[in-house]
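See below for the structure under consideration.
Every number in this text was worked out from the coordinates using simple rules, so none of it is lab data. Just so it is clear, the model here is predicted, and its values are computed rather than measured. Cβ placement follows ideal geometry from the backbone for every residue including glycine, while neighbour counts extend to all protein chains displayed.
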Amino acid sequence: MTKQDELRKTAGQLIMIRFPGTVLDPATAEFLKANSIRAVCLFRGNMTDSEQLGRLTADLRAVMGPDSLIAIDQEGGAVVRSTWVPAPPAAMGLGAADDTDLARDTGAAVARAVKALGFNWNFAPVLDLNNNPHNPVIAERSFGAEPKRAAELAITWMAGSHAEGVACCVKHFPGHGDTSVDSHRDLPMVAKPAEELDRQELATFRIASAFAPAMMTAHIVYPALDPDNPATMSRRILHDLLREDWKYKGIIITDGMDMHAIAGRYGVGNAAVRALTAGADMVMALGTAETQEETLDAIAAAIDSGILAQDEIQIRLDRLSALARAYPCAPRTYTEDAADREIMARGWRRSLTAYRAPQRPPKGAKVRLVARQDVVSDGVSEAGVPAAVVAASLRKLYDVELVTFDDAETFDWNALPQDGRFTMLASTSRLRYGQHARSTWRPDLHLALWNPYQALDIDAPALMTYGFAQPALDAINAWLAGELEATGKAPVPGFE
């Protein structure tokens, strides 16, 4: 083995990759072996069903060895990758229910499903405080806006997961909640004084740090903490604050280094080295095979030159091995668990939130449902619920006419027939509404099936579900039928 091979094998243990397809092809298997890579993250495109996914994770373990780290984003709400297992309520739904026992049960049920599918690391829960109603990427992924309660709910969610043998990774340190830019697309900045960051964004992570075996960094600049570097590449934030001041002992892993906030500004190889020298233990190299090669070469060169010291590398490798051994991949055949499905359904029912005193149309009433035609994924979340599915659900109770729109800013609400039908608007994307919809749309009932802040955009009574999974539609129907009251309380300002 050449020196370069040895350097690349060390570098390979410090990165996590993704790859396309639903099988482990020979080229990817060889890439994993040749570079001693032991960490992968799987996404929706890698999955079709439980049998296929179980085979894939088993093949990965066979190649990567007993210290494999196989990760998934199974947060709940709109951010789930395995979509056929019991659907977890979103974090903000659990915040609306405000019940730590329910949060613990939910975290445990999530873990049981992903553990059976071959995962041992879940990139959840989200610890960001959603204190910006116009945040384009967090919203219902956050437990709320109050630091202490958000941390308590997250800690109990983690406790449930850890009891079932799946490691959690809180994100996105030091906080992505008060941003108006998605770091997948550009580099956000949170220009708050250090004192305010300490009271708000940092507080949830500081409280939860003793319970979180891993933290994921945010690709965000916090000028009060480090004016020159995003947190992912900031030694002041990752080493001085998190390691030295807070004495954090867990794993620090970057968010995806393929995101435009990083790759488009710094280059993936350079950014990976900077993240590791800042204090990260693992770089999430989620780009293409070419960018993964570039990342490995850059890290290997940094090791060879001494930019990354060998003793510090060993500390990182030891931390990663300890995580894998504490939470080993020990899959079993996934079988449908009715009890876990009921736990999830209970969470969706408990989170259902009424706003502006919504009224129920009588059973059998003539209803007009207005909904977006296009429900594609935004790149972070799964695709929203199709309008036809919402209509089919409501048809269990009503005579439903479906009207769809392509563009909310051009849809003419006043052109709807004035024929006495009870009009419902179903919001099935995360996008906030623009001025046109805000000023002219007047449904009798607004079903906010994703981003609860959309209820603030439309001057109408609303039901908020914090997500669009089937149990959310079932909870809506139970409320409409008079079988359920909406007892959730939005855990963010603006809904008083």
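Mean separation of Cα pairs under 8 Å and 6+ residues apart, divided by the residue count of region 281-440: what relative contact order is that in percent?
Relative contact order for region 281-440 comes out at 21 percent.
Please list, in order along region 438-454, the HN-Hα scalar couplings obtained from phi with the Karplus expression 6.51 cos²θ - 1.76 cosθ + 1.60 (θ = phi - 60°), rounded to whole Hz, x for Gly and Pro.
Ordered by residue, 3J(HN,Hα) equals 4, 8, 10, 7, 9, x, 6, 8, 10, 9, 7, 8, 8, 7, x, 5, 4 Hz.
So who's got an amide H within less than 5 Å of the one on Thr423, skipping anything under 5 residues away but keeping other chains? H placed 1.01 Å off N, in plane.
Those lying under 5 Å, H to H, from Thr423 are Arg368, Asp444, Leu445.
In the chain, which longest range has no trypsin sites (Lys or Arg not before Pro) that are both DSSP loop (not H, G, I, E or B) and surrounded by at most 16 other Cβ atoms within 10 Å?
Numbers: sites that count: Arg185, Lys247, Lys249, Arg332, Arg356, Lys363, Arg395, Lys396, Lys489.
Result, exposed sites excluded: 1-184.
Enumerate the calculated ³J(HN,Hα) couplings along region 301-306 in order (Karplus 6.51 cos²θ - 1.76 cosθ + 1.60, θ = phi - 60°), each rounded to whole Hz, writing x wherever the residue is Gly or Pro.
For region 301-306, the Karplus-derived couplings read 5, 5, 5, 4, 7, x Hz, x marking Gly and Pro.
Which ³J(HN,Hα) values, rounded to whole Hz and listed in residue order, are derived for region 348-359 from phi using the Karplus coefficients 6.51, -1.76 and 1.60 in 6.51 cos²θ - 1.76 cosθ + 1.60 with θ = phi - 60°, glycine and proline given as x?
5, 5, 5, 7, 4, 10, 8, 9, 6, 6, x, 10
Using square roots of five times the C-alpha gyration tensor eigenvalues, list the equivalent-ellipsoid semi-axes of region 168-249 in whole Å, biggest first.
One finds semi-axes of 19, 14, 12 Å for region 168-249.
Relative contact order of the chain, please, whole-number percent, based on alpha carbon pairs below 8 angstrom and at least 6 residues apart.
Relative contact order, the chain: 17 percent.
By a straight-distance test (C-alpha under 28 Å), which lysines pair with Lys363 as possible cross-link partners, with residues fewer than eight away in the same chain excluded?
By straight Cα distance, Lys363 reaches Lys396, Lys489.
I need the P(r) histogram for region 214-340: all alpha carbon pairs, bin width 10 Å from 0 out to the longest distance, whole percents.
Spelled out bin by bin, region 214-340 gives 12, 39, 32, 11, 6, 0 percent.
I want to make sure I understand the PRE zone here: with the label point 7 angstrom from the Cα of Ser321 toward its beta carbon, which residues in region 30-66 have backbone N atoms less than 13 Å away?
What the label zone holds, given the 13 Å backbone N cut-off, is 66.
Give the long-range amide H neighbours of Ile251: residues separated by 5 or more places, or on another chain, with amide H under 5 Å away, using H modelled in the peptide plane at 1.01 Å from N.
When sequence neighbours closer than 5 places are left aside, the close amide H contacts are Ala214, Met215.
Quick one: Kirkwood hydrodynamic radius for the chain, alpha-carbon pairs, angstrom, one decimal?
Across the chain, the inverse of the average 1/r is 23.2 Å.
When we measure straight from the Cα of Lys115, which lysines land under 30 angstrom away, once same-chain ones fewer than 8 places off are left out?
Lys9, Lys33, Lys148, Lys171, Lys247, Lys249
Once you have a ≥ b ≥ c as the square roots of the Cα gyration tensor eigenvalues for region 352-480, tell me rounded if a/c is under 1.5, and otherwise prolate or oblate according to whether a/b is larger than b/c.
In terms of gyration-tensor shape, rounded.
If you average the alpha carbon positions of region 45-81 and of region 392-427, how far apart do those two centres end up, in angstrom?
One Cα centre to the other: 39 Å.
Using the Cα centre of the chain as the reference point, and only Cβ charges (+1 on K/R, -1 on D/E), how large is the resulting charge dipole? Debye, rounded to the nearest 20.
780 debye
Listed highest first by mean packing, meaning other Cβ atoms within 10 Å per residue, what order do 285-295, 443-453 come in? Numbers along the way, then the final one.
Values: 285-295: 19.6, 443-453: 25.0.
Going by the mean number of other Cβ atoms within 10 Å, highest first, we get 443-453, 285-295.
Need the list of aspartates and glutamates near Lys366 for cross-linking: C-alpha distance under 13 angstrom, and skip anything on the same chain fewer than eight residues off.
Asp399, Glu401, Asp419, Asp444
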